[in-house]
Amino acid sequence: RLYLCVQSFFKWHPRFLSKALLPILSADPQAVVVAPLPSNRSGHAAAWSRRLREAVAATAAEEIVIARAGESGRTYEGGHVAIRHLAARVLFVPRVASSEMPALFRAADAVLDTFPFGGGVTSLQAMAAGVAPVTLPEPGAWSGQLTLSMYHQLAVAVGGGASALAARRAQSAE
């Protein structure tokens, strides 16, 4: 399954890695997370890719230690093989042209919204392409509430409020 995360890399906070990205990769053995690299005009795309892969691996290592210590409900496969396996399923690809973004959004099984730095323009672009970003807003983090606020506005626009929108989304998911 293809999970797309097109947020700027500075938004890939360690909490996003430990509370969303790694649990997805661990729970779904077919999951592949695709993230477009920043423009290589500055020559830093390879460095960003390396740094993010290292961050994913380091977060996976921390989570495995926590799970082994029994301090977490999460369970991950054990050892360095699991760390490499999880990190290898995060693919950094060249950035696509803006005109190709709608097709990229529609090709994904899920579009992930980062936190605590959430999507603004990216969430709007995904919604405009007919794709609902998956978000996990954190209380007190204003930026993480943007996508949630968009959903509330959408629920008001289609009538019936957020609960009716959620019910319609659940029916369409079935």
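The values are calculated or read from the model by the stated rules, or taken from the named source; none is laboratory data. Everything numeric in this text was worked out from a predicted model, so none of it was measured. Neighbour counts run over all protein chains shown; Cβ positions are idealised from the backbone, glycine included. Surface accessibility is based on the protein's heavy atoms, side chains included, excluding ligands, DNA and RNA. Shrake-Rupley method; radii C 1.70, N 1.55, O 1.52, S 1.80 Å.
In the set GLY144, GLY119, only one residue is over 23 Å from SER26 (Cα atoms), in a helix (DSSP H, G or I) and either at pLDDT 85 or above or in contact with an Asp or Glu (Cβ under 7 Å, 6 or more places away or on another chain) (or both); that residue is GLY144. State yes or no: is VAL131 part of a loop (DSSP other than H, G, I, E, B), open to solvent by 20 Å² or more (accessible area, probe 1.4 Å) and under 21 Å from PRO38 (Cα atoms)? It is false that VAL131 is part of a loop (DSSP other than H, G, I, E, B), open to solvent by 20 Å² or more (accessible area, probe 1.4 Å) and under 21 Å from PRO38 (Cα atoms).
With the requirement that a residue be among the aliphatic types (A, V, I, L, M), touching a Leu at 6+ places or on another chain (Cβ under 8 Å) and crowded, with 18+ Cβ neighbours inside 10 Å, what does the stretch 134-151 give you? MET150 - this is the single residue of the stretch 134-151 that is among the aliphatic types (A, V, I, L, M), touching a Leu at 6+ places or on another chain (Cβ under 8 Å) and crowded, with 18+ Cβ neighbours inside 10 Å.
Scanning the stretch 1-21 for residues that are assigned to a helix (DSSP H, G or I) and more than 23 Å from SER98 (Cα to Cα) yields PRO14, ARG15, PHE16, LEU17, SER18, LYS19, ALA20, LEU21.
If you go through the stretch 25-46 and keep only what is part of a helix (DSSP H, G or I), modelled with pLDDT of 75 or more and surrounded by fewer than 18 Cβ atoms within 10 Å (Cβ to Cβ), you end up with just ALA27. Here SER49 clears all of (1) at pLDDT 65 or above; (2) open to solvent by 30 Å² or more (accessible area, probe 1.4 Å); (3) of a type in the set (Ser, Thr, Tyr) except the condition numbered (2). Checked against the criterion of being of a type in the set (Gly, Ala, Ser) and buried (at least 18 other Cβ atoms within 10 Å of the Cβ), the stretch 90-97 contains not a single residue that satisfies it. Take the stretch 99-116 and flag every residue that is out of contact with any strand residue (DSSP E or B) (no Cβ under 9 Å at 6 or more places or on another chain), part of a loop (DSSP other than H, G, I, E, B) and surrounded by fewer than 21 Cβ atoms within 10 Å (Cβ to Cβ). The one that is out of contact with any strand residue (DSSP E or B) (no Cβ under 9 Å at 6 or more places or on another chain), part of a loop (DSSP other than H, G, I, E, B) and surrounded by fewer than 21 Cβ atoms within 10 Å (Cβ to Cβ): PRO116.
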